[in-house]
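Okay, so here's the structure we're looking at.
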Amino acid sequence: MIKLYSYFRSSASFRVRIALNLKGLPFETVPVHLLKGGGEQFAPEFRSLNPAALVPVLVDESGAYSQSLAIIEYLEECHPAPPLLPAGAADRARVRAIALSIACEIHPLNNLRVLGYLSKKLGVSDEEKSAWYRHWVETGLATVEAQLAHDPATGAFCHGDVATLADICLVPQIFNAQRFNCELGHVPNVMRIFERCLELPAFADAVPAKQPDFA
């Protein structure tokens, strides 16, 4: 049985939950609360799995794996059906570009570690922290919107009419954007695809409110 060390609100964990669901792979959730007791991710037993003290970590019979996109690529290689990447090299590059625009350009600037550093180390007010968050999310999503709006490869989902790695990254980011009251009126294609994704059980069952550690 696959074990997924996860926090219900973690975007990166959310991505892996979607991927596992899309591939029909059963898994056991092992909750790691990122706030309780100063952060359960810093416990020695968890650091033995991931020295970076970050979720998610996927554990199977082969070992322990960290970094959500690396985990998803691992699942793709070990369980190729259904595929999360299209067949052609150019199409795979486009899907990865959209996914990385979210996972590498937007998410790192507004994750828990960064927001905590702004507050605790730099003395940034809650209002200023929220402004920081909204700026980078809204700017980054505008880029994703342009990637989608200007390419005929965009379909019901980010690439064509089947969910891919790009959609797996998009949905958790929009959940966070809504939580922080970001402006989303300027990204109609992003929101259309977000809503379409949530019609699929693989996405709907992965949302934070349906996780065993939701509180």
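The values are calculated or read from the model by the stated rules, or taken from the named source; none is laboratory data. These numbers come from a predicted model, not from an experiment. No Cβ is skipped: glycine too gets one built from the backbone with ideal geometry, and neighbour counts run over all protein chains shown. Side chains are part of the model used for accessible areas, which takes the heavy atoms of the whole protein and leaves out ligands, DNA and RNA. Shrake-Rupley method; radii C 1.70, N 1.55, O 1.52, S 1.80 Å.
Overview of values
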read-out	value
Residues (open to solvent by 80 Å² or more (accessible area, probe 1.4 Å) and either of a type in the set (Val, Ile, Thr) or under 17 Å from HIS33 (Cα atoms) (or both)) located in the range 195-213	LYS210, PRO212
Only listed residue being exposed (fewer than 13 other Cβ atoms within 10 Å of the Cβ) and either closer than 18 Å to LEU100 by Cβ or not acidic (Asp, Glu) (or both), chosen from ASN189, ASN181, ASN176	ASN181
Residue among LEU75, LEU85, LEU170, LEU148 that is within 12 Å of the chain's Cα centre (by Cα), at pLDDT 95 or above and among the aliphatic types (A, V, I, L, M)	LEU170
Test: residue in the range 106-121 that is modelled with pLDDT of 95 or more, on the phi < 0 side of the Ramachandran plot and surrounded by fewer than 20 Cβ atoms within 10 Å (Cβ to Cβ)	no
Among (1) buried (at least 19 other Cβ atoms within 10 Å of the Cβ); (2) over 20 Å from ILE168 (Cβ atoms); (3) modelled with pLDDT under 95, the one test that GLN41 misses	(3)
